[in-house]
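All remarks here apply to the structure that follows.
The values are calculated or read from the model by the stated rules, or taken from the named source; none is laboratory data. Because the structure is a prediction, the values reported are computed rather than measured. Note: ideal-geometry Cβ built from the backbone for every residue, glycine included; neighbour counts use all protein chains shown.
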Amino acid sequence: MHILMFSYDKTLVEGRQIGDTLLRHQHYAEHLDRLDILVPAPAAKRQAEIKVSEKLTIYPSYGHKVLSWLRSYLKARRICRKSRVDIIVTQDALLGFLGVLLRKEFGCKLQINAFGLEIFSDWWLRQSWLHRCYRLIMGWTLRKANLVRTDATQSKVLLTERLNIPPEKVVVIPALPSAESIAKFVHADGDRIRKSLLGSEYDRMVLFVGALEKVKNIPNLLRAAKLVLSTHPKTLFVIIGSGSEKAHLEEMCGEMAIAGNVRFLGIIPYDDLPAYYAACDLVVLPSWSEGFARTLMEAAFAQKPIVATDVGGARDIVTDGESGYIVAVDDSAQLAGRIIKLLSHPEKAKLMGQEGYQKAMAYCDFAANTKRLVEVWKSLLESNEAKE
């Protein structure tokens, strides 16, 4: 079986790895005859194709946005001409447009990954008139796919109910971490980090890990922090990540007079992250939109209670009231209330973290997850669905 993928993950060609991306694709390749991955790369870092193994090859395509994907599409056509490609896989529904074109020309089956599903987010649609155009294109390509892979139960419901995609054409298979990655979070020691950050000035630590972008709705977390500090003034909010919103967020902290209780740490090397999870009291994810958020899984492995907005795969990871709390999107009062509840009852918070850990460990089986995806691909090839 020959799979051709379109991926956005530039770490595959930039030599830096976050999590298990490369390892996961190596595992896929072991079960296939051939796996080719087309990935955008900065124009300044031109390089030849990357032969990872006998079965796995990564093809960088250079240029900005549209140009890089045009080059990827042309490269994909050359690959399809030279060798029979059985399934085209695209990382999202916008790239799915290229998959539809290739399927029409070469008769391949088409799988589109639909993680996050921002097209169903009213907030996302308000950000730009272009997003409404994207939603039309993405909805069309998703309906054209032979198979849609999503990463959350709630996402499957949205795909079937709002786009009328038959349930049998949608599979829920998240990208899970390997046992090696899980172990790093389970066994991490956070004492040094906790002492360094809290010192004698603070006694509690609330952690956010993610991109400092609008979709994460960090302003809502800061508004909640203001409320939390009225009852727990010695709480430190630690924000790990970088992004275009950093200056605005720092300005907000100054205006709200909470700058002394909020620490922006920037990007932390992935191998160092487990210690920060181990050091905190709880983890918060206030996003407008998410898929199967890696942050929530990492928090669960670290046995930390979670407060997350009711989006994407949050309910697949967090059982409300048992391993953490699910809150409404953009409701700073409710978010603050749940944070205060956990800070005020540390023993209960600890039990919640342990409950989340048990659920996460039962859910995560890296090898079985890979095997299931490969079996889905085999079933797709064996199906008699007409190629459009």
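Please go through segment 309-339 and pick out each residue that is surrounded by 16 or more Cβ atoms within 10 Å (Cβ to Cβ) and among the aliphatic types (A, V, I, L, M). Selection gives VAL311, ALA314, ILE317, VAL318, ILE326, VAL327, VAL329, LEU335, ALA336, ILE339. Regarding THR141, is this residue assigned to a helix (DSSP H, G or I), of a type in the set (Ser, Thr, Tyr) and free of Cβ contacts under 8 Å to residues at least 12 places away in the same chain? So THR141 fails the test. Under 23 Å from LEU273 (Cβ atoms) and surrounded by 14 or more Cβ atoms within 10 Å (Cβ to Cβ), is that true of GLY356? Judged against the criteria, GLY356 is a match. If you go through segment 232-244 one residue at a time, do you hit one that is polar (S, T, N, Q), over 24 Å from the mean Cα position of the chain (by Cα), buried (at least 16 other Cβ atoms within 10 Å of the Cβ) and part of a helix (DSSP H, G or I)? Taking every residue of segment 232-244 in turn, none turns out to be polar (S, T, N, Q), over 24 Å from the mean Cα position of the chain (by Cα), buried (at least 16 other Cβ atoms within 10 Å of the Cβ) and part of a helix (DSSP H, G or I). Give the residues of segment 251-263 that are surrounded by 14 or more Cβ atoms within 10 Å (Cβ to Cβ) and either over 22 Å from LEU296 (Cα atoms) or within 21 Å of the chain's Cα centre (by Cα) (or both), sorted by residue number. Passing the criteria: MET252, CYS253, MET256, ILE258, ALA259, ASN261. Looking across segment 110-126 at every residue that is modelled with pLDDT under 85 and not in a helix (DSSP H, G or I), the one that is farthest from VAL66 (Cα to Cα) is identified as SER121.
The lone criterion from (1) touching a Ser or Thr at 6+ places or on another chain (Cβ under 9 Å); (2) buried (at least 18 other Cβ atoms within 10 Å of the Cβ); (3) without any contact (Cβ under 8 Å) to a residue 60 or more places away in the chain left unmet by THR90 is number (3). Just one of LEU342, LEU373, LEU296 is over 20 Å from the mean Cα position of the chain (by Cα) and either surrounded by 17 or more Cβ atoms within 10 Å (Cβ to Cβ) or in the same structural domain as LEU32 (by TED's automatic domain parsing) (or both); which is it? Of the residues listed, the single one that is over 20 Å from the mean Cα position of the chain (by Cα) and either surrounded by 17 or more Cβ atoms within 10 Å (Cβ to Cβ) or in the same structural domain as LEU32 (by TED's automatic domain parsing) (or both) is LEU342.
Scan segment 80-109 for residues that are of a type outside the set (Gly, Ala, Ser) and not in a loop (DSSP other than H, G, I, E, B) and the total you get is 17. Scanning segment 188-221 for residues that are over 14 Å from LEU265 (Cα atoms), touching a residue at least 60 places away in the same chain (Cβ under 8 Å), over 19 Å from the mean Cα position of the chain (by Cα) and not in a helix (DSSP H, G or I) gives ALA188, ASP189, GLY190, ARG204.
Does segment 319-333 contain at least one residue that is closer than 19 Å to ALA188 by Cβ, at pLDDT below 95 and more than 19 Å from the chain's Cα centre (by Cα)? Taking every residue of segment 319-333 in turn, at least one turns out to be closer than 19 Å to ALA188 by Cβ, at pLDDT below 95 and more than 19 Å from the chain's Cα centre (by Cα). Taken together, the residues in segment 329-363 that are closer than 17 Å to ARG204 by Cα and outside any helix (DSSP H, G or I) amount to 1. Restricting the search to segment 65-74, which residues are farther than 17 Å from VAL100 by Cβ, in contact with a Phe, Trp or Tyr (Cβ under 7 Å, 6 or more places away or on another chain) and either at pLDDT 85 or above or outside any helix (DSSP H, G or I) (or both)? Hit for segment 65-74 is ARG71, nothing else.
The lone criterion from (1) surrounded by 13 or more Cβ atoms within 10 Å (Cβ to Cβ); (2) touching a Phe, Trp or Tyr at 6+ places or on another chain (Cβ under 9 Å) left unmet by SER128 is number (1). Candidates VAL228, VAL170, VAL262, VAL238: the one that is in the same structural domain as HIS25 (by TED's automatic domain parsing), touching a helix residue (DSSP H, G or I) at 6+ places or on another chain (Cβ under 7 Å) and β-branched (Val, Ile, Thr) is VAL170.
Taking the conditions exactly as written (of a type outside the set (D, E, K, R), surrounded by 19 or more Cβ atoms within 10 Å (Cβ to Cβ) and touching a strand residue (DSSP E or B) at 6+ places or on another chain (Cβ under 6 Å)), does ALA275 satisfy them or not?
Spelling it out, it is not the case that ALA275 is of a type outside the set (D, E, K, R), surrounded by 19 or more Cβ atoms within 10 Å (Cβ to Cβ) and touching a strand residue (DSSP E or B) at 6+ places or on another chain (Cβ under 6 Å).
Every condition in (1) assigned to a loop (DSSP other than H, G, I, E, B); (2) in contact (Cβ under 8 Å) with a residue 60 or more places away in the chain holds for GLU322 except the one numbered (2).
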